[in-house]
1. If neighbour count is taken as other Cβ atoms inside 10 Å, put T104, T277 in order from fewest to most.
2. Once amide H atoms are placed 1.01 Å from N in the peptide plane, what residues at a sequence separation of 5 or more from T111, or on another chain, have their amide H within under 5 Å of its amide H?
3. Going by average Cβ neighbours within 10 Å, how do the peptides 70-77, 320-327, 561-568 rank, with the highest at the top?
4. Check which residues have an amide H placed less than 5 Å from V69's amide H, if you skip close sequence neighbours.
5. How much net charge surrounds G544 when only other residues with a Cβ under 11 Å from its Cβ are counted (Lys, Arg +1; Asp, Glu -1)?
6. Which ³J(HN,Hα) values, rounded to whole Hz and listed in residue order, are derived for the stretch 751-756 from phi using the Karplus coefficients 6.51, -1.76 and 1.60 in 6.51 cos²θ - 1.76 cosθ + 1.60 with θ = phi - 60°, glycine and proline given as x?
7. Among [x] 216; [y] 426; [z] 166, which one is volume of the Cα convex hull per residue in Å³ computed from these coordinates?
8. For the stretch 299-368, what does the alpha-carbon gyration tensor say about shape, rounded, prolate or oblate, given a ≥ b ≥ c as the root eigenvalues, a/c under 1.5 as rounded, and a/b over b/c as prolate?
Amino acid sequence: MLRHRPHGVEHPYATSPDQRVPVLPEVGERVRLGVEAESDVVAVSCEWVAQPMDDPAVSETRSLALERVAVSAADAAALAGGDGHLAAAQARAAGGDGGWEVTTPELEAGTRYRYRFHARTGDGRQASSDWHELVPAEWVSGAGTLTVDDAFHRLVDGSVEWLVADGWVHRARFAMRLEPDEHVVGFGERFDAVDQRGRELDAVVFEQYKAQGRHGRTYLPMPFAHVISETGDAWGFHVRTSRRTWFDVGASTPDRLVVEVALDEPADGPPAPAPATPSVDVAVYRGAPHEVLAAFTAEVGRAEELPDWVFRLWASGNEWNTQHAVMERMDRHRELDIPVGAVVVEAWSDEQTFTIFRDAMYEPHRDGSPHDASDFTYPPDGAWPDPKGMIDELHARGIRVLLWQIPLVKTRYELGDDVGDDAQVIRDGEAMVRDGHAVLEADGTPYHNRGWWFPQALMPDLSVERTRQWWAEKRRYLVSGLDVDGFKTDGGEHAWGHDLRYADGRRGNEGNNLYPVHYARTFGDLLRSEGKAPVTFSRAGFTGSQAHGLFWAGDEDSTWEAFRSSVIAGITASACGIVYWGWDLAGFSGEVPDAELYLRAAGAACFMPIMQYHSEFNHHRRPLRDRTPWNVAEQRGDERVVPVFRQLAHLRERLVGYLAEQAAVAIRDGRPLMRGLFFDHPDDPMIWRYPLQYQLGDALLVVPVIEPGIDEVAAYLPEGQWVDVWRGTNYTGPAEITLPAPIDQPPALCRAVDWPRLSSVFVQAQPNPAGTATTAESGSGESPPSRGG
């Protein structure tokens, strides 16, 4: 009849109706207590007991009446997850129209509070909840140990404090001094600003479906940042934790960067003894920004060199859900002479196991053991009549193939009763639980996904090798038998719960952020074991993700705002050691972008580490929302799209060697492949006025056009000699200039010293007035020789 969970559903940014807010209140605060009740409940009260801790025999009891309330619009939207094609699942996961709530009196120091709820229905039935307990917390000094370099002079005296409640230290906080001319960049992939000074943010892995820049949330956070002075002095810091952290970067006090760190939490249930004196360890790195980054990645992991083909154009669409659809798109690319290097096949599987092609015929393995390629036959009239033949044909054309993945196993909640007990997905779930491969709740029962996407699904515990191997073995035949080249490791943000249990000994508050790191590692190790390069394509990550494959910026609308946010995301992710990064150029959601947005985005993506397009599922409604250049051209009635996109794709082909060379440089010495100007020119104050300009490797300076309706763009040239790659015009920096920005010539410059070796790349890319490929551009669309993989 009643449900109250102090932590609620544990959405990191929204309050669920059955939650206590705040979960850990401080002395002097009032607490909102929320309850969900059955629909026939007409009254709810809270029995509220205050007991002085120095004399528990004395207590005061109050009865607090709760009022019926609706979930706030903001919380409802957050709990539902967004407005995408999974709206029904989102609404069901949000659950209910609201609940009941009451606000307590102010909490007093030295007092323990107990409370429970009583409900009455219209027909007189009554019920009571379990008792819950809380002790308000206070910030004190000396309750833990902060470890930081003794020579570090930025730590503010007296700023180290510890949040203590009932003898348990829950959090730490400290402040570092910021100089007036310093800028702070990092904290993982960020969408709202390159320089985070003046902002508040946190580091928790979260699936923010679209509008990440507006919400300040990210799939790929890290408690690491650069601090860069306009005088050229630079340093960086890393809070060595996988628990949630919060940062006030001069927002409250302009000259202070305040860091708050979650510590171990007591398990739910009977009181437990507090752990030994807690500690927080902070690494400090000194030197130029690239030296700071090199030191950080030497500690947490660096990218490894991937084969050249990853730098070619990637193509995908969520509605390419048959062999015919995939090959029809690849045929059209070839007919239009638009070279493709990789195709990501998203909707390939049975949408149950995510290991078996849809319509495949096979005998289920009732023990949940893996299948081999020879176990399957494919009906000629099915969705995928010959997966191996399709992959072989794509390989013959120089196109690599990646398959989509998700780290979940569906349950009856989504599957319904129409799926029989012998269905492979049911047997896989049984095996996961039976053999100890599932992430667990605190009580030892299997964790069921609390998020809106694949609600109630089981989640494999990839924190340990035995489960990583078990999960990979079910997919091995895709690599060994069908010759798949990589995996799009989507998702990874599904672990909600401070008290989850992982097999490596971590609980949720420490292990949840690490989940996407283990996830990408699982598939990278599978590929390596079959002699393939570890090409995974992820959106979620944390500290340590640097060493595991490629990343893209997640789900976004086709808007100029999202375009700008994605450029910011690329610069900030790269500043934290992510070498192989891209985005769904011009967005993947909603109506197809207009021609101007699409071509400006393609022009920018041509000068980014990964160039790829993708489109969201739209139930195959017409007109199609494919982001293929010909579909954009047809939908928007703009004949420029195909010839300009073709020109950019061929330019991209000629940049592959340079990108591979510069990726090796980034991995070796810490200078990101896509890097903000502060890496090479930290002592130039003017660069901060142009935060979305970036270098692509050592030679190229890119000025993305992120506003509509312009034919020239303001740019800043740092010190040195530069050449406009389209016109051959020479410039001397430092200087503010205006560059022509025709739609088919993304503004970019080359260092004069590198121009002799790169000029041929751009000479061949001069526009053809007829709108067809020039002799230098035309070709088979097949890939150049690769270095491996």
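1. T277, T104
2. M53
3. 561-568, 320-327, 70-77
4. G99, W100, E101
5. Result for the neighbourhood of G544: +1.
6. Result, ordered by residue: 4, 4, 5, 9, 4, x Hz.
7. [z]
8. Since a/c reaches 1.5 but b/c is at least a/b, the shape of the stretch 299-368 is classed as oblate.
Where a number appears in this text, it was derived from the coordinates with a stated rule and is not lab data. Computed from a prediction, not measured in an experiment: that's the story for all the values here. Methodologically, a virtual Cβ is constructed for each residue, glycine included, from the backbone with ideal geometry; neighbour enumeration extends over all protein chains shown.
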